[in-house]
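*Asks:* Let me give you the structure first, and then I'll get to my questions.
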Amino acid sequence: MAPSATDHQGFMVNGFHNHYPEATNHHEKVHFDKKLTPKRHEIKGTDPSSKILFLDVNILDSTGRPPYRGDVYIQGERLRHVGEVPDKEALRRDQAVRVVNGRGRTLMSGLGDAHTHFSWNNGDLGKLGGLGVEEHTLLTARSAQVYLDSGYTMCFGAASAKERLDCVVRDSINEGHLPGPRYLANGKEMAVPDGDLVPGITAFAKGPLEMRETIRHHINLGVDQIKLSMSGEQITETRDAQDCYFTDEETAACVDEAHRHGIRLCSHARARDSVKQCIRHGVDIIYHASWIDEEGMDMLEKNKHKHMVAPGINWLIATVYEAGAFGYSFEKAEQVGYKKELDVAIKGLKEMHRRGICVLPGGDYGFAWTPHGTYARDLEHFVKLLDFTPMEAIIAATAGVAKLFMREDELGKILPGYYADCILVDGNPLDDITILQDHDKLNMILINGRIHKASYKEFLRQELVDQPKAAPAVRPRNFISYALKDGTKRTRVGHLNLQDDTITALAFASGTLVERLDQILGTSLTDLKLSEEVMSKSSVDILPPITGKDVLAVGKNYLDHANEFNSSGYDSSDKVALPSHPVIFTKRASSIIAHGQTVYLDEEFTSTLDYEGEIGVIIGKGGYKISEADAKKHIWGYTIINDLTAREKQRDHKQFYIGKSADTYCPMGPIAVPASELPETLTVTTHVNGEQRQQTSTEQLIFSIPHIIKTISESQTLRAGDVIAMGTPAGVGIGMKPPTFLKPSDVVEISVTGLGTLKNTVTGFRDPDAISELLAEEAAKSVPCQNLSITNGGVGLTTIASGKKLNVEKLGDGTRLMVFVHGLGGSTTFYTQLVEKLKLAANYTCVLFDFEGHGLSPTIADSTITLSSLAEDLHSLLSTKSLNLPVNEEVTIVAHSMGCLVAETFALKHPELAGRMVLIGPPPCPLPQAGYEASIKRAATVRKEGMRNVARAVATAGTSERTKSHHSSAFAAVLTSLLSQDPEAYAKGCTALASGHELDLDLGQLRSNVLIIGGEEDKVSPPAYANKLDKTLPTSRLVMLKETGHWHTFEDIDGTAEAMRSFL
């Protein structure tokens, strides 16, 4: 029997999962000769007047930037507007526009496959050669449609079983006669005599002359590329994958002949020597490359601008681990060498990715155990096996394949002007790359602006479009707690629409969104409203209704269950079945999990895990000594609880806590419903693996809900948000004959009248990464984080190479880089007017960013900020791959005030990244004793009093007399900049400035060309110091602005701009 290809966490064996934090677009390094550009095939049939408007989609544009919410407008065959759509309201009402409510679903480019076989038959390839041309044409056409049905809009042909099958189907797709992806067609693969891998589907040639003739024959057929079959395949057992069957002369002749006619070559090249021949002679696309050695890897790295690799890794994985059902056992695959080839291929492909070599998905689909329609498995393999991040895998499958088509400027991205080849995905593939394998999650598929797949329900009816802001005609009932998947982990409470599984976020009457259920337990339903934030349930993480506090619970509260429990041998709590008083215990808060999460069965802890379907009472109004008559006034509503229990622990410890409080032992949800929306009597029904085990109503309770509330509150205060699990009816595992306990893979579903169904699956594996991540999140929450709420938890922030999140603005795309570093109390706004006035974005790539804790950048309490740490942040920023900054050209750093000390520290440590510097109001270095003491005192004052007094004092002392008396808007800008700072974060900035007291910089060693801009009335950077610095620096120039204090761009933007203009 074949072992599993994945471990208990879902990661491939032999693979790793410590992914790179930033996306790398290796395809951008490939530059095929323009003479090899394939014929430009166009798909006909799109009505140029067609208009489609997507509202509120999560746009994954395949550039490497994080997804963002927005709208997309398609006109004809191309994307017209992306992100923001002009005249959106008019388009919504236009009868000719089809309007789609995205509800936060992901809109992304259609996928691409770099190794496609339309004519493979999902079975015995040995029969392909004898298949009639009529039947084979239908089969090939069907495969093309399956690719499109699977969300694939670009396919690169890797060989055809008959000479013209690929070409004929390609042309029919382009004429609009057949549904299918954009296609670059191939012919029969070329091999030397007796070098065929599958009988009847190969074109044979021997020697350079025959090779050239065969190449020309293929070209005359109308192919877009030609495949060489240069190495063997283990499954043949006669032609080893490590053997190369082409000579150097033959390969060179093929390349020369094909390239002379403007045609690229691809090659089946598993063998070490085959790969080297491909690189040596210029075969453009290398398939497999399993047995590449170190020399070949070095050759490929040096020539990575000429080649792309498509490994077809799914063929190896499926052959080793999944072919047993088709008669090709794991033992057989291991015997012939596939297991070893898979291992070395994993190692080599990971190394390629590390070295920046372009590796594209395309898994050799169409064999019996790699059937058509399963193409997106490749992306999962890339992530779990080859160290790709989900973003990198998606970029490779979209923009990367577009580069393979040599149409990267119009295919493979969601950008204005690109072809509208896109898919609408119910969920976020960056969170779960496997979602792209689920065709049901591909809600819409478009190619060339035409809709290939969509339900009529996707399109808004005109009456809804005419009233886009009208609230749904329902009031909140099905309260569901969830977390956003936008990187911020912000929580929300919404109303779940059970008909279409959409969630509408709830808001207070003021419009403020509700973050936790306990915030509204004392709020009338009439004081809540449904917001306009609507998303699919699958696009968020479902949370338990209530978390963070222990669950109160009642034992033995249904007569039939009390009897079955008492007679089971596991009840050591009492000698009689019927309790005289309520049995009350607690379940630890850490045991609570959500609907859909897995229950961990630790078989070292228990072998008797049992389920208990229960109703959870949510207290809405706290109280002490609550009477039975008043108890219902204190109930907010109800939810479902599975009171999971380790029976032998419950028995042996003679109490309930240990056996019921293990991690994951309290699934809760999926929704909470107010008591006013439910009937008096509720029925609990439990199924295990589809078999009904429990069904009883609350009429059978021994102690009623009001009696339990009275009992608990007799000595302790019940609080709003407390949850009471009311006990379970008969039908649990210990009551069965013989007792039946839960085991891994069991599915427990508990349904309650009006509350839906709570569903959880048992697993035998504890995910240490998930537990560690949870603990890290809890630890992070316990450490205060300042200045985060201003970005709603980090929306729009950039994660730099060090892992910190900073506010970064990138303007322009010039080949030279200019970085702007603000000072204490400043932000990116200090430079906004300067960049605009000098039109710097027209010639430079301009990067403005906020220091940690300043502007829009957050800071956590245990992060100590110093000038050195800020300089390291600057270096991490420039090293952040997702920003794609042109650091190889001359870099100009523009710095102000404390930012000058940061820039000087940075430039001395990284001189190659600071060719030019503009220092605006540079403070003395090292900072004088008086400056040190003033900074420490200012930090203490801000922590005590807040920003108001300090901001006024700094603005007054830091600006010129002219600014204060005649330039009120400039003074207001300075004051606003200071008042906008978070007090604690600003205090940390003050201590960072104070660290300049110990700064020991030899500024005479600065290699940068420096412009110093001073102010005649600058008290922080007095003219005397500016002159001294000018004399100290090897290459510098000083410009002194008249009637200017320390806030130069606010006080004299014209003078500052003119000084920089002449310098630049």
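The values are calculated or read from the model by the stated rules, or taken from the named source; none is laboratory data. Predicted, not measured: the structure shown is a model, and the values here were computed from it. A quick note on method: Cβ atoms are made from the backbone with ideal geometry, for glycine too, and the neighbour counts reach across all protein chains shown. All accessible areas refer to the heavy atoms of the entire protein, side chains included, with ligands and DNA or RNA removed. Shrake-Rupley method; radii C 1.70, N 1.55, O 1.52, S 1.80 Å.
*Asks:* Under 10 Å from V894 (Cβ atoms), crowded, with 22+ Cβ neighbours inside 10 Å and not basic (K, R), is that true of Y844?
*Replies:* For Y844, the condition - under 10 Å from V894 (Cβ atoms), crowded, with 22+ Cβ neighbours inside 10 Å and not basic (K, R) - is not met.
*Asks:* Is it the case, given these coordinates, that R651 is of a type in the set (K, R) and touching a strand residue (DSSP E or B) at 6+ places or on another chain (Cβ under 7 Å)?
*Replies:* no
*Asks:* In addition: So which residues in the stretch 485-500 are more than 22 Å from the chain's Cα centre (by Cα) and not in a strand (DSSP E or B)?
*Replies:* L498, Q499, D500
*Asks:* Restricting to the stretch 259-269, and then to whatever is within 16 Å of M190 (Cβ to Cβ) and in a loop (DSSP other than H, G, I, E, B), can you tell me which residue is farthest from the chain's Cα centre (by Cα)?
*Replies:* Among those residues, the one meeting the criterion is H261.
*Asks:* Go through (1) within 21 Å of F54 (Cα to Cα); (2) more than 15 Å from the chain's Cα centre (by Cα); (3) open to solvent by less than 30 Å² (accessible area, probe 1.4 Å) one by one and return the number of the condition Y456 breaks.
*Replies:* (3)
*Asks:* Is there any pair linking a residue in the stretch 842-871 that is at positive phi to one that is hydrophobic (A, V, I, L, M, F, W, C) and outside any helix (DSSP H, G or I), with Cβ under 8 Å and at least six apart or on different chains, and which?
*Replies:* Filtered contacts from the stretch 842-871: G853/I865.
*Asks:* Can you tell me how many residues in the stretch 172-205 are assigned to a helix (DSSP H, G or I), touching a residue at least 40 places away in the same chain (Cβ under 8 Å) and open to solvent by 10 Å² or more (accessible area, probe 1.4 Å)?
*Replies:* The total comes to 1.
*Asks:* Can you work out which of the residues in the stretch 683-700 that are open to solvent by less than 50 Å² (accessible area, probe 1.4 Å) and among the polar types (S, T, N, Q) is farthest from S751 (Cα to Cα)?
*Replies:* Here the residue is T698.
*Asks:* Here's another thing I want to ask about it. Filter the stretch 630-687 for residues that are in a strand (DSSP E or B) and small (G, A, S) and give the result.
*Replies:* Hits for the stretch 630-687 are G637, A646, A672.
*Asks:* Between a residue in the stretch 517-529 that is part of a helix (DSSP H, G or I) and any residue that is at pLDDT below 90 and open to solvent by less than 20 Å² (accessible area, probe 1.4 Å), which pairs come within a Cβ distance under 7 Å, given they are 6 or more apart or on different chains?
*Replies:* Within 7 Å, the pairs are L525/P476.
*Asks:* On to the next question. Within the stretch 633-660, take every residue that is over 20 Å from D746 (Cα atoms) and modelled with pLDDT of 95 or more and give me the one that is nearest to the chain's Cα centre (by Cα).
*Replies:* For the stretch 633-660, the residue satisfying everything is T639.
*Asks:* Looking only at residues in the stretch 750-762 that are over 30 Å from the mean Cα position of the chain (by Cα) and on the phi < 0 side of the Ramachandran plot, which one is most open to solvent (accessible area, probe 1.4 Å)?
*Replies:* T753
*Asks:* From V950, V974, which residue is touching a Gly at 6+ places or on another chain (Cβ under 7 Å) and either of a type in the set (A, V, I, L, M) or open to solvent by 10 Å² or more (accessible area, probe 1.4 Å) (or both)?
*Replies:* The match here is V974.
*Asks:* Here is a list of conditions, (1) open to solvent by 10 Å² or more (accessible area, probe 1.4 Å); (2) in a helix (DSSP H, G or I), and M1040 meets all of them except one; can you say which number that is?
*Replies:* Condition (2) is where M1040 drops out.
*Asks:* Being over 24 Å from H452 (Cβ atoms) and open to solvent by 10 Å² or more (accessible area, probe 1.4 Å) is the filter here; which residues of the stretch 141-166 pass it?
*Replies:* Residues satisfying the conditions are K162, E163, R164.
*Asks:* Still on this structure, please answer the following. Tell me the residue from S802, S857 that is surrounded by 22 or more Cβ atoms within 10 Å (Cβ to Cβ), hydroxyl-bearing (S, T, Y) and part of a loop (DSSP other than H, G, I, E, B), please.
*Replies:* Only one candidate qualifies: S857.
*Asks:* Which one is farthest from I1053 (Cα to Cα) among residues in the stretch 1006-1018 that are open to solvent by 50 Å² or more (accessible area, probe 1.4 Å) and at pLDDT 95 or above?
*Replies:* Of everything passing the filter in the stretch 1006-1018, N1009 is farthest from I1053 (Cα to Cα).
*Asks:* Shifting gears a bit: Residue by residue through the stretch 141-171, note down the ones that are within 34 Å of the chain's Cα centre (by Cα) and part of a loop (DSSP other than H, G, I, E, B).
*Replies:* Scanning the stretch 141-171 gives S150, G151, A158.
*Asks:* For the stretch 469-507, what are the residues that are farther than 14 Å from I542 by Cβ, at pLDDT 90 or above and among the hydroxyl-bearing types (S, T, Y)?
*Replies:* Across the stretch 469-507, the qualifying residue is only T504.
*Asks:* Count, please, the residues in the stretch 585-616 that happen to be part of a strand (DSSP E or B) and in contact with a Leu (Cβ under 7 Å, 6 or more places away or on another chain).
*Replies:* Summing the residues that are part of a strand (DSSP E or B) and in contact with a Leu (Cβ under 7 Å, 6 or more places away or on another chain) in the stretch 585-616 gives 6.
*Asks:* Let me ask something additional. Give me the residue from the stretch 255-272 that is hydrophobic (A, V, I, L, M, F, W, C) and out of contact with any Phe, Trp or Tyr (no Cβ under 8 Å at 6 or more places or on another chain) and, out of that set, surrounded by the fewest Cβ atoms within 10 Å (Cβ to Cβ).
*Replies:* I263
*Asks:* Please go through the stretch 292-333 and pick out each residue that is among the aromatic types (F, W, Y) and open to solvent by less than 40 Å² (accessible area, probe 1.4 Å).
*Replies:* Result: W315, Y321, Y328, F330.
*Asks:* Quick check on this structure: which one of S869, S882, S876 is open to solvent by 10 Å² or more (accessible area, probe 1.4 Å), modelled with pLDDT under 95 and in a helix (DSSP H, G or I)?
*Replies:* Exactly one residue qualifies, and that residue is S882.
*Asks:* Could you tell me how many of the residues in the stretch 721-747 are closer than 15 Å to G555 by Cβ and open to solvent by less than 10 Å² (accessible area, probe 1.4 Å)?
*Replies:* 8
*Asks:* Suppose we filter T905, T864, T892 for residues that are assigned to a loop (DSSP other than H, G, I, E, B) and either surrounded by 21 or more Cβ atoms within 10 Å (Cβ to Cβ) or not aliphatic (A, V, I, L, M) (or both); which single one remains?
*Replies:* Being assigned to a loop (DSSP other than H, G, I, E, B) and either surrounded by 21 or more Cβ atoms within 10 Å (Cβ to Cβ) or not aliphatic (A, V, I, L, M) (or both) holds for just one of T905, T864, T892, which is T864.
*Asks:* Could you grab the pairs with beta carbons closer than 7 Å, sequence gap of 6+ or different chains, first residue in the stretch 1044-1055 and part of a loop (DSSP other than H, G, I, E, B), second one of a type in the set (K, R)?
*Replies:* H1046/K1019
*Asks:* Can you find, within the stretch 495-513, the residue that is least open to solvent (accessible area, probe 1.4 Å) among those that are under 13 Å from R477 (Cβ atoms) and in contact (Cβ under 8 Å) with a residue 40 or more places away in the chain?
*Replies:* Result: L496.
*Asks:* Within the stretch 214-254, take every residue that is among the β-branched types (V, I, T) and over 25 Å from K35 (Cβ atoms) and give me the one that is surrounded by the most Cβ atoms within 10 Å (Cβ to Cβ).
*Replies:* Checking each candidate, the answer is I235.
*Asks:* For K549, are the conditions met, namely being of a type in the set (K, R) and out of contact with any helix residue (DSSP H, G or I) (no Cβ under 6 Å at 6 or more places or on another chain)?
*Replies:* no
*Asks:* Under 8 Å between Cβ atoms, at least 6 apart or on separate chains: pull out the pairs that start in the stretch 701-720 with a residue that is open to solvent by less than 30 Å² (accessible area, probe 1.4 Å) and end on any residue that is part of a helix (DSSP H, G or I) and small (G, A, S).
*Replies:* So the pair list comes out as I705/A631; P706/A631; I709/A631.
*Asks:* Give the residue that is farthest from M898 (Cα to Cα), with candidates limited to residues of the stretch 961-1003 that are assigned to a loop (DSSP other than H, G, I, E, B) and of a type outside the set (S, T, N, Q).
*Replies:* H967
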